[in-house]
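Each remark here refers to the structure printed beneath this line.
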Amino acid sequence: MSVIHSEVSRPPAAGGFRDVSGTPGTEVLLARGLAQLAVELYDVASIDDAVGLVLAYALRTTTCDCAGVVLVDRRTGLRTGGATDRRVEQADQLQLEYGEGPCVPVSREQPSVLVSDTVVDPRWPRWSARVAELGLRSVLTVRLCTARSNLGALNLYAIRAGGFTAVDETTAQLLARHAAVAIATLREASTLAQAIETRTLIGRAQGVLMERFSINADQAFAVLQRYSQDNNIKLRIVAAELISTRRLPTRSPVAAAVRSPAIG
C-alpha cells in the first residue's frame, strides 16, 4: 500500500473539535468531533481512506504536529499504513527497520506508550536518536485493536519535548478505537468479498471440468483440489487459470487420465 501523505493543517477549533485553550465545553466539543468521525468512517470505502480520515482528525483534536499509522499485515508483519508528512513516514519506517520503537511493545497489557523527549529517552537508542534528528521530540503511540485482533498503532508526533498531555492520550485512545473498528470492518468486508469471488471462480471451474469429462461436482472439486496441492498453487489461482485458458498441465489428474491437457 502506498503511504498516505495527508498534508492537513490544524484549523481553529470549531464545530466538534477540541478547543486547546481549555475553555468550558471542551469535552462536549470533543464528543461532537468524535461522533462526526464515526459518521464519516462509516462511509469510507477503503482502509487507506479510513487511515487518512483518522490522521486528519488527530491533527485537529490533539496537540500533535504530525501523525502516522502502522498496520499489522498478516503476511509481512508491521507496515506503514499512512502518514501526514515525510518525517512521520521516515520515523515509522525506522521502527520497522530497527525492530525497536514505541510500536514494538504496544500490546493489550500496554495499550499506549509515551516518549516525552526522543533526545534523552533510553529505551530505543538507535530509533530515538534518528527521530530526534528529524526534529520530532515527543511521541505518543496508541494501539489499534479490537476484542479479537491487534491491527497496529496510531503514532502522534510533536516537534517539542513534553508535547503531549493526559488529555491528548485520552483523545488518541478514543481516535484509535474508532480507527480500529473501521479498519477491522473493512478488512472483514474485503475478506468476505474475496471468499465470494473465490467460490464463484471454483464453481465455474468445476462446471468446465464437469462438462468436458462428464464428472460430477464433487469429482471436479477433488480434481482442482488435488492439482492445487500437487503443484503448490492456491485453489483460487488454479480455478482462474482453468477458466481463462481451459487448460491444465499434463501432470494434472484429469489431464493425465484423458491424455490431453486441453479442456473444451
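The values are calculated or read from the model by the stated rules, or taken from the named source; none is laboratory data. Fair warning: this is a prediction, and the values are worked out from it, not measured in the lab. Every residue, glycine as well, gets a Cβ built from its backbone with ideal geometry; the counts of neighbours run over all protein chains shown. Note: accessible area is taken over every heavy atom of the protein model, side chains too, but ligands, DNA and RNA are not part of it. Shrake-Rupley method; radii C 1.70, N 1.55, O 1.52, S 1.80 Å.
Annotations for the structure displayed:
- In terms of accessible area, using a 1.4 Å probe and ignoring ligands and nucleic acids, GLU241, GLU40, GLU100 rank largest first as GLU241, GLU40, GLU100.
- Stokes-Einstein D in µm²/s, Kirkwood radius over Cα pairs - the range 92-214 at 20 °C with 1.002 mPa s viscosity: 126
- For the range 141-147, putting each phi into the Karplus relation 6.51 cos²θ - 1.76 cosθ + 1.60 with θ = phi - 60° gives couplings of 10, 10, 5, 9, 7, 10, 5 Hz, in residue order, rounded to whole numbers and with x for Gly and Pro.
- Under-5 Å amide H pairs with CYS66, H placed in peptide plane, nonlocal only: TYR157
- Accessible area of ILE159 (1.4 Å probe, protein heavy atoms only, ligands and nucleic acids ignored): about 90 Å².
- Here the relative contact order of the range 113-253, from alpha carbon pairs under 8 Å that lie six or more residues apart, stands at 16 percent.
- Sequence-distant residues sharing a close amide H with LEU144 (under 5 Å, placed H): LEU151, GLY152, ALA153, LEU154
- Packing around the peptides 129-135, 49-55, taken as the average count of other Cβ atoms within 10 Å per residue, puts them in this order, highest first: 49-55, 129-135.
- Per residue solvent-accessible surface (Å²) - the range 172-240, probe of 1.4 Å: 59
- With semi-axes defined as the square roots of five times the eigenvalues of the C-alpha gyration tensor, the equivalent ellipsoid of the range 136-181 measures 22, 11, 6 Å, largest first.
- Largest-first ordering by accessible area, 1.4 Å probe, given options VAL39, VAL142: VAL39, VAL142
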